[in-house]
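**Student:** This is the structure I want to talk about, given as structure tokens.
Read-outs: derived from the displayed coordinates by stated rules, not from any lab. Fair warning: this is a prediction, and the values are worked out from it, not measured in the lab. Virtual Cβ from ideal backbone geometry, glycine too; neighbours counted across all protein chains shown.
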Amino acid sequence: MRKERWERLLAEIQEAGLSGIALMPGPNLFYMTGLRMGLSERPTLCVITEDAKVTFLMPKLEARKGDAVSSHLAREGVEAQFDVVAFSDEEGPKEAFSKVFAGMGTRWGFEYRSMRLLEFSLITPAVRDLEWVDAGEIMKKLRMIKDESELESMRKATRLADLGADIARKLLRPGKQATDIVREIERQLKAEGAQAVGTSLATGVDTALPHAGTSTREIAEGDVAWLDLTVCVDGYWGDITRSYAIGDIGPEMKRVYRVVLEANETARTQAKPGMSGAEVDALAREVIESYGYGDYFVHRTGHGLGLEIHEDPYVVASNTSPLPVGSTFTIEPGVYIPGKGGIRIEDDVVMTENGLRSLTAYPRNLLDDDRKLVV
């Protein structure tokens, strides 16, 4: 798979007329190399030139990682000239950056959202008349369409997300604390193989805030609750939100629940290949507006999902580009009424030739006065 990724990347670099691109530790570097590294005061870059020279510029204490990744990529058939340029703590990175960038051209792709002033300030002295563009635009084109190995990792992640939603349903009871429930969800999911878990469990009036976080209040009879859960497996994320009724939540919130459920289902079942993010956003938004709750739907309908929890493509009115077959994103309409509560129902989907296929499968209608699931 990575051989194909490198071929596509080099074609994009050449088409953009770049001398090369520089990838920071993070999702794009992992996508291209499988290398997981965090940011530190010691800068690391993967520098890829238009003539297929790949240099890992890194501290000496990390150099073996660069050697190992280079060997692995060569075995996978990536046709490139690999090198590792390392610097010691005593030397510092200045000379290493100069060695890598001096005389290598002036037009570069840098990751607009990831590169720090630290790396940029080390590059600029080595490249006279530097011109740069956002490498994120190139990487977005490569990463938006998922291959089968990526989809399998996402299926693993969403299966655990479904499990987390079920754990929450079983534990949500009057008198309990959301913080205790969150700890139990995270414990069980990590025991099942989750690499990372992010959990927000809002209850009562806190649910009227789309980013409420986890409530500290005691859960009460008649509360609405929603769980927003992200789970990482193999570097890929699942992201689910389910809303729950703790007993009888009253006629208004029941109505809101059914409106959001209809909006979620409408977008999931009526979205088709060739539709833009704006058109899919409108499918959900028009349902909510038709019931008079348009002013309470205060965020986009969805976001791309994969190596990052938020990535392209975005299901929002400003995205007029078609959602390509193979792209993965969320459908998550919500209605939030200040002082009363909010409902959000979120699913992860992949665009296929026949429309959207849901990766999350946990029941969406949990409006159950008798504690029984209603599908």
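**Student:** When the chain is treated as a GNM, springs tying every alpha-carbon pair under 10 Å, which of G38, G304, G334 comes out with the largest mean-square fluctuation?
**Tutor:** G38
**Student:** How far is helix 63-75 tilted off the main Cα axis of the chain, in degrees rounded to 10, range 0 to 90?
**Tutor:** Around 90 degrees separate the two axes.
**Student:** Can you sort S327, S318 from fewest to most other Cβ atoms within 10 Å of each residue's own Cβ?
**Tutor:** Fewest to most other Cβ atoms nearby, the residues stand as S318, S327.
**Student:** Picking from P324, P174, P333, which is most flexible by a Gaussian network model of the chain using Cα springs under 10 Å?
**Tutor:** P174
**Student:** Compute the distance in nm between two label points, each set 7 Å from the Cα along the Cα-to-Cβ direction, one at Q195 and one at H211.
**Tutor:** Once both label points are built, they end up 2.4 nm from each other.
**Student:** Between the stretch 306-332 and the stretch 3-51, how far is it from one alpha carbon centroid to the other, in angstrom?
**Tutor:** The two parts, judged by their Cα centres, are 22 Å apart.
**Student:** Which of the peptides 188-194, 26-32, 244-250 is most tightly packed, and how do the rest follow, going by the mean number of other Cβ atoms within 10 Å of each residue?
**Tutor:** Sorting 188-194, 26-32, 244-250 by mean packing, highest first, produces 26-32, 244-250, 188-194.
**Student:** Normalised by the residues of the stretch 148-358, what does the relative contact order come to in percent, with Cα pairs under 8 Å and at least six apart?
**Tutor:** Once divided by the residue count of the stretch 148-358, the mean separation gives 21 percent.
**Student:** Additional query: Taking the Cα centre of the stretch 152-204 as origin, sum charge times position over the Cβ atoms of Lys and Arg (+1) and Asp and Glu (-1), and report the length of that vector in debye to the nearest 20.
**Tutor:** 100 debye
**Student:** Relative contact order (percent) for the stretch 96-230, with alpha-carbon contacts under 8 angstrom and 6 or more residues of separation?
**Tutor:** 19 percent
**Student:** Then there is this: Compute, for the stretch 148-358, the length of the dipole vector about the Cα centre, with Cβ point charges of +1 (Lys, Arg) and -1 (Asp, Glu) only. Units Debye, rounded to 20.
**Tutor:** 540 debye
**Student:** Ignoring everything except DSSP H segments at least 4 long, calculate the 222 nm mean residue ellipticity for the chain; use -39,500 (n - 2.57) per segment, divide by total residues, nearest 500.
**Tutor:** Dividing the helical sum by the residues of the chain leaves -11000 deg cm²/dmol.
**Student:** If packing is taken as the average count of other Cβ atoms within 10 Å, what order do 94-102, 351-359 fall into, highest mean first?
**Tutor:** For the peptides 94-102, 351-359, the packing ranking is 94-102, 351-359.
**Student:** Antiparallel versus total DSSP beta bridges in the chain: what percent is that, nearest 5?
**Tutor:** In the chain, DSSP labels about 75 percent of beta bridges as antiparallel.
**Student:** What do you get for chymotrypsin sites (Phe, Trp or Tyr not before Pro) in the stretch 287-333 restricted to DSSP loop and a cutoff of at most 15 other Cβ within 10 Å of the site's Cβ?
**Tutor:** Y291
**Student:** Using Cα atoms only, what is the angle between the long axis of helix 178-191 and the major principal axis of the chain, expressed in degrees (0 to 90) to the nearest 10?
**Tutor:** Long axis of 178-191 versus the principal axis of the chain: about 50 degrees.
**Student:** If you take percent of Cα pairs over 38 Å apart from the coordinates, which of (i) 14; (ii) 34; (iii) 29 do you get?
**Tutor:** It is the value labelled (iii).
**Student:** What nm distance separates the two modelled labels at E41 and R183, each placed 7 Å from Cα along Cα→Cβ?
**Tutor:** It works out to 3.5 nm between the two label points.
**Student:** To continue, here is another question. Using the alpha-carbon centroid of each, what span in Å lies between the stretch 60-97 and the stretch 156-214?
**Tutor:** 41 Å
**Student:** Subtract the Cα-Cα distance of K3 and E308 from 0.36 nm times their separation in residues, and report this length gain in nm to one decimal.
**Tutor:** So the extension gain works out to 107.6 nm.
**Student:** Another question, if that's okay. Give me the percent of DSSP beta bridges within the stretch 2-143 that run antiparallel, rounded to the nearest 5.
**Tutor:** So the antiparallel bridges in the stretch 2-143 amount to around 35 percent.
**Student:** What length, rounded to one decimal in nm, is gained on full extension from A16 through to E286, with 0.36 nm per residue of separation minus their alpha-carbon distance?
**Tutor:** Length gained, A16 through E286: 93.3 nm.
**Student:** Between K141 and E252, what length comes free when the chain is fully extended (0.36 nm per residue of separation minus the Cα-Cα distance, one decimal in nm)?
**Tutor:** Working it through step by step, the gained length comes to 35.6 nm.
**Student:** Tell me the angle of helix 148-171 to the major Cα principal axis of the chain, expressed in degrees between 0 and 90 and rounded to the nearest ten.
**Tutor:** So the inclination is approximately 30 degrees.
**Student:** In addition: Within a 10 angstrom radius of the beta carbon, how do L61, L160 rank from fewest other beta carbons to most?
**Tutor:** L61, L160
**Student:** Sort D239, D206 by Cβ crowding within 10 Å, fewest neighbours at the top.
**Tutor:** Lowest count first: D206, D239.
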